[in-house]
1. In the set Arg221, Arg211, which member is closer than 28 Å to Gly151 by Cβ, within 32 Å of the chain's Cα centre (by Cα), modelled with pLDDT of 90 or more and not in a loop (DSSP other than H, G, I, E, B)?
2. Among the residues of region 290-299, write down those that are part of a helix (DSSP H, G or I) and open to solvent by 20 Å² or more (accessible area, probe 1.4 Å).
3. Regarding Met316, is this residue open to solvent by less than 30 Å² (accessible area, probe 1.4 Å), part of a helix (DSSP H, G or I), touching a residue at least 12 places away in the same chain (Cβ under 8 Å) and of a type in the set (A, V, I, L, M, F, W, C)?
4. Write out, first by first residue and then by second, each pair whose Cβ atoms fall under 7 Å of each other, whose residues are 6+ apart or on separate chains, and whose first residue, in region 113-128, is within 17 Å of Ala99 (Cβ to Cβ) while the second is open to solvent by 90 Å² or more (accessible area, probe 1.4 Å) and of a type in the set (A, V, I, L, M).
5. Out of (1) surrounded by fewer than 19 Cβ atoms within 10 Å (Cβ to Cβ); (2) farther than 27 Å from Lys208 by Cα, the odd one out for Pro287 is which?
6. Which of the residues belonging to region 107-126 are at pLDDT below 90 and touching a helix residue (DSSP H, G or I) at 6+ places or on another chain (Cβ under 7 Å)?
7. Scan (1) within 23 Å of Asn310 (Cβ to Cβ); (2) open to solvent by less than 90 Å² (accessible area, probe 1.4 Å) for the single condition Lys274 breaks and write down its number.
8. Just a yes or no: is a residue in region 257-270 in a helix (DSSP H, G or I) and out of contact with any Pro (no Cβ under 7 Å at 6 or more places or on another chain)?
Amino acid sequence: MALRCSRRLLPTVVSSYKLHCNNNLDVVRRPLHILSNALHDHEIGDTQCSLEYSILRKAGFSLMGARALCTSMLSSESSEGSFPSDLLSRKQVLTPERAIGQLQDLVIPVTNFHNEDKGMMVLAGDVFDVPIRKDIIHRVVRWQLAKRQQGTHSTKTISEVSGTGRKPWPQKGTGRARHGTLRGPQFRHGAVMHGPKPRSHAFKLNKKVRRLGLKIALSARAAEGKARYVQLLVFDDLELPTHKTKNIVSYVKQMEETKKVLLVDGGPIDEKLKLATQNLHYVNVLPSIGLNVYSILLHDTLVMSRDAVNKIVERMHTPINR
């Protein structure tokens, strides 16, 4: 628990402030001496507090200035000889919740499959802390799904349907409707008019938008406290001692509130990791070069190695070739 210096340390602050007031030394000396004696004798009442404030105002010394000078923060582990315990207030200092999208570097712990402490790692703020924009995510996901669509759908036109080209009956005299072929769309086993043909469904999306979509997806996973089942984990490496699937199953069970896991490694996927995860439908493995927005959204937990994080940041910082 952090302990903030109380108002009883004001004489020390005042004495330091006197050194910077050479021009008004004669005006400040007497009021500050009176205030120091009052604080030393612990006889400060409501009336005296108002008197002190008026004295400081006349001397050109504001309490807000004294508060700005008093920036010392003490923790419970500090030595007892630093400050007397009776001069420290026991008020708890609350840390405000981190705002998302401020482009601030993030410091997160690094672990491994055995949940061991492997130090800390700094995530670049311009990659892992960008403002969340759902419209950009929507555009990138549509672009990905359209680009991967096969587009092999095909129907036969009137020239491709098997059948005779003879006129079925005379134009006039039968009382029936006139027709020139039996391969038309109005007949059974006939052609399909304006049907689909093999084509590409891909459309153009700017590289800046695609890169921004990946940054937003990574920032959403790195955001703390915004979603219950969303988290980003950084491992020192993704090496496994054996290729047994039961090891991966036990590792995933140790992760809290995890349903689907995406493992991202920096280089080629390790053969042991590939064999251990190939029979698990809720664990997928990707190299860093294949990390994409749609795969991140499909999994509630994103596990990246140190090498993968470094390569992703390097890729995001590479200038776009036009």
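The values are calculated or read from the model by the stated rules, or taken from the named source; none is laboratory data. All values derive from a computational prediction rather than experimental measurement. Here Cβ is always computed from backbone atoms with ideal geometry, including for glycine, and neighbour counts include all displayed protein chains. Accessible surface areas use protein heavy atoms only, side chains included; no ligands, DNA or RNA. Shrake-Rupley method; radii C 1.70, N 1.55, O 1.52, S 1.80 Å.
1. On the way: Arg221 fails: closer than 28 Å to Gly151 by Cβ.
None of the others qualify; the one that does is Arg211.
2. In the first step, residues of region 290-299 are kept if they are part of a helix (DSSP H, G or I); the result is 290, 293-298.
Listed by number, the residues that qualify are Gly290, Tyr294, Ser295, Leu297, Leu298.
3. Values: open to solvent by less than 30 Å² (accessible area, probe 1.4 Å): yes; part of a helix (DSSP H, G or I): yes; touching a residue at least 12 places away in the same chain (Cβ under 8 Å): yes; of a type in the set (A, V, I, L, M, F, W, C): yes.
So Met316 fits the description; yes.
4. Close Cβ pairs (under 7 Å, with a partner that is open to solvent by 90 Å² or more (accessible area, probe 1.4 Å) and of a type in the set (A, V, I, L, M)) amount to Gly125/Leu103; Asp126/Leu103.
5. (2)
6. Phe113, Asn115
7. Answer for Lys274: the failing condition is (2).
8. Taking region 257-270 and keeping what is in a helix (DSSP H, G or I), we get none.
No; the residues of region 257-270 include none that is in a helix (DSSP H, G or I) and out of contact with any Pro (no Cβ under 7 Å at 6 or more places or on another chain).
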